[in-house]
Amino acid sequence: MADNAEVVLCRTDGRVRVIVLNRPQVRNALNSEMMRRFHQAVDDAVADPDVGAIVVTGNGSAFSSGADLKEAGTSPRPDDLWDRYAQAVDNDRIYERLSRVPKPVIAAVNGFAVGGGCALAVSCDVVIAADTARFGDPETHHGIAAVTV
């Protein structure tokens, strides 16, 4: 898929590694390719002794709109949808992983942080929210409960 080339951008500013979710055309919806690259970016930052802290943010008008439902598919049963989403983005592992990173992880929320995007933000050690930040958990309207560590 062509838009997967740079779905996660990384830059280093002094001792801070900035990881940018980069699918602004879909408000940084989390798909399996983005999460694979996000895992790698976090692992690289943890392994780099010159990195003292990690900042996670989103490109464009949203931090993350949550699951890429086009990838997760649709299902009449909420449990099926949650299982497909969890398998597609490996979300439980990244939320737990972020809570155990031995360096400070800061979410810089610049817009919507919804569903999995909200869970991603609150899995960080600190959340800094712009005036434009909006947090939400729409899964509860569909009978889906997401647990973060």
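Just so it is clear, none of the values below were taken in a lab; they were calculated from the coordinates. Here the structure is a predicted model, which is why all the values come from computation and not from measurement. Every residue, glycine among them, receives a Cβ derived from its backbone with ideal geometry; neighbour counts consider all protein chains shown.
Would you mind getting me the FRET efficiency between Q25 and T132? Use the beta-carbon distance for r and R0 = 25 Å, nearest 0.05. Walk me through the numbers on the way to the answer.
Working: r = 18 Å, r/R0 = 0.73.
E between Q25 and T132, to the nearest 0.05, is 0.85.
Please compute the net charge surrounding K103, taking Lys and Arg as +1 and Asp and Glu as -1 over other residues with Cβ under 15 Å from its Cβ. Local net charge: -2.
Taking each residue as 0.36 nm, the span from V51 to R36 lengthens on full extension beyond its C-alpha to C-alpha distance by 3.4 nm. Close amide H contacts of V127 (hydrogens built in the peptide plane, cut-off under 5 Å, sequence separation of 5 or more or a different chain): A107.
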